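Worksheet for the structure shown next.
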2 protein chains.
Amino acid sequence: MKITDRKAEIINVAAKLFKEKGYSAVTMRDIAQAMDIKAASLYNHIKSKQEILVLIIIEIAEEFTSVIDEILASSDSTIQKIERVIQLHIDITLRNSDALACLNNDWMHLTDDDLIYFIKMRNDYEESFRQIIKTGIANGEIKNLNIEVIIFSTLSTLRTLYLWYGKKKTIKPEVLKANMIQVLLNGIV
Amino acid sequence: MKITDRKAEIINVAAKLFKEKGYSAVTMRDIAQAMDIKAASLYNHIKSKQEILVLIIIEIAEEFTSVIDEILASSDSTIQKIERVIQLHIDITLRNSDALACLNNDWMHLTDDDLIYFIKMRNDYEESFRQIIKTGIANGEIKNLNIEVIIFSTLSTLRTLYLWYGKKKTIKPEVLKANMIQVLLNGIV
């Protein structure tokens, strides 16, 4: 997807509004107002609120997909791969927590092909993560625990990081990363 | 809170509807219809949709509060205490996942004193959990990692369990508990 500066600005402003009020409650007029432009000029750049939602969610989902594909295909150890997945979630959380909130809260407002495409990416992401863990269990790098419990507890933490980290900016990203790796991989005991 | 059978039925039916459609979209008429009674007879048992929301959320929040208070005050080791917290979340998830969904999605629709009371219970719960972890770090039972990262990653998993476990009923509760304790306490490596 190629995005102009003006479009990028619209996306950022809209993501923030969607996060604050929920997708359904936000109008194109609200977005124009927040950008201090006329609603009519907003339509020069973007067709509809739906198009904005697609741009926000699909872009971020494609980033998750392409990075995990690369991690999965790499020759790294399982531990290194999981560390890279943790890094990926921290990076996107730091860079774009409004878009992550939008992805988590509003993905169900996508329609037709966009919805199908998103759900496919989401399922493929989990499947790639499952493959990483499976390989790790098979080669003895990961404990032989219930794989679904491992996947759920790791991804539930990484996927909700944006909710929590916004309020805890006192923790430096490097400290967050190091501690997250410790807690998720080696446990707290 | 003392709850009659009829009231309990209303609460269960409403929690299911709130989970499916969201609190705002559900009417008293919908609840009556789902129970196959007239809206007028619904009002013999309950004043308003708001009252139902309060009954659902406050009851479950009070259960979390009273159990964690008991755990915190007990003479158990830190490990045992955390195991009991995990057990508490699994128990409530198994028994009442609709109410948990309602608590997580709709608590912000509580008003006035109910909202204040709920937020206080939620903060106190986190504070009790923080005390358990703090004591564990002080006496060497828990690794000296960033305490906020430990609290976030443990509670984010336990609090979203209801979202995931509904679809994974193939895992037996004992297996879930044993694996959850392993993953959260000892890690996956």
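The values are calculated or read from the model by the stated rules, or taken from the named source; none is laboratory data. As the structure is a prediction and not an experimental result, all values here were calculated from the model. Methodologically, a virtual Cβ is constructed for each residue, glycine included, from the backbone with ideal geometry; neighbour enumeration extends over all protein chains shown. Please note that ligands, DNA and RNA were not included when accessible areas were found on the heavy atoms of the full protein model with its side chains. Shrake-Rupley method; radii C 1.70, N 1.55, O 1.52, S 1.80 Å.
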*Residue check, B:SER75 against (1) over 17 Å from B:MET121 (Cβ atoms); (2) modelled with pLDDT under 95; (3) open to solvent by 20 Å² or more (accessible area, probe 1.4 Å), all met but one. Which one?*
(2)
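Given the structure, is A:THR154 closer than 20 Å to B:SER153 by Cα, free of Cβ contacts under 8 Å to residues at least 40 places away in the same chain and not charged (D, E, K, R)?
Numbers: closer than 20 Å to B:SER153 by Cα: yes; free of Cβ contacts under 8 Å to residues at least 40 places away in the same chain: no; not charged (D, E, K, R): yes.
Here the answer is no, as A:THR154 does not meet what is asked.
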*What single numbered condition from (1) farther than 18 Å from A:ILE90 by Cβ; (2) at pLDDT 95 or above; (3) not small (Gly, Ala, Ser) fails to hold for B:THR157?*
(1)
*Where in the stretch B:105-189 are there helices (runs of 4 or more DSSP H), lying wholly inside it, with at least 3 residues that are open to solvent by less than 40 Å² (accessible area, probe 1.4 Å) and within 8 Å of another protein chain (Cβ to nearest Cβ)?*
B:147-165, B:173-181
*Hey, A:GLN87 hits all of (1) within 17 Å of the chain's Cα centre (by Cα); (2) open to solvent by less than 50 Å² (accessible area, probe 1.4 Å); (3) closer than 27 Å to A:GLY140 by Cα but one; which does it fall short on?*
(2)
*Could you please give the count of residues in the stretch B:1-55 that are closer than 24 Å to B:MET108 by Cβ, of a type in the set (Ser, Thr, Tyr) and assigned to a helix (DSSP H, G or I)?*
2
*Being more than 9 Å from the chain's Cα centre (by Cα) and among the β-branched types (Val, Ile, Thr) is the filter here, so list the residues in the stretch A:41-66 that pass it.*
A:ILE46, A:ILE52, A:VAL54, A:ILE56, A:ILE58, A:THR65
*Look at A:LYS169 and say whether it is without any contact (Cβ under 8 Å) to a residue 24 or more places away in the chain and within 16 Å of A:GLU83 (Cα to Cα).*
no
*Might you let me know whether the stretch A:69-84 holds any residue that is under 24 Å from B:LEU158 (Cβ atoms) and part of a helix (DSSP H, G or I)?*
yes
*Considering A:ALA39, A:ALA8, which residue is open to solvent by less than 80 Å² (accessible area, probe 1.4 Å) and out of contact with any helix residue (DSSP H, G or I) (no Cβ under 8 Å at 6 or more places or on another chain)?*
A:ALA8
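Return yes or no: is B:ILE52 surrounded by 20 or more Cβ atoms within 10 Å (Cβ to Cβ) and modelled with pLDDT of 95 or more? So that I can check it myself, show each step before the final result.
Values: surrounded by 20 or more Cβ atoms within 10 Å (Cβ to Cβ): yes; modelled with pLDDT of 95 or more: yes.
So B:ILE52 fits the description; yes.
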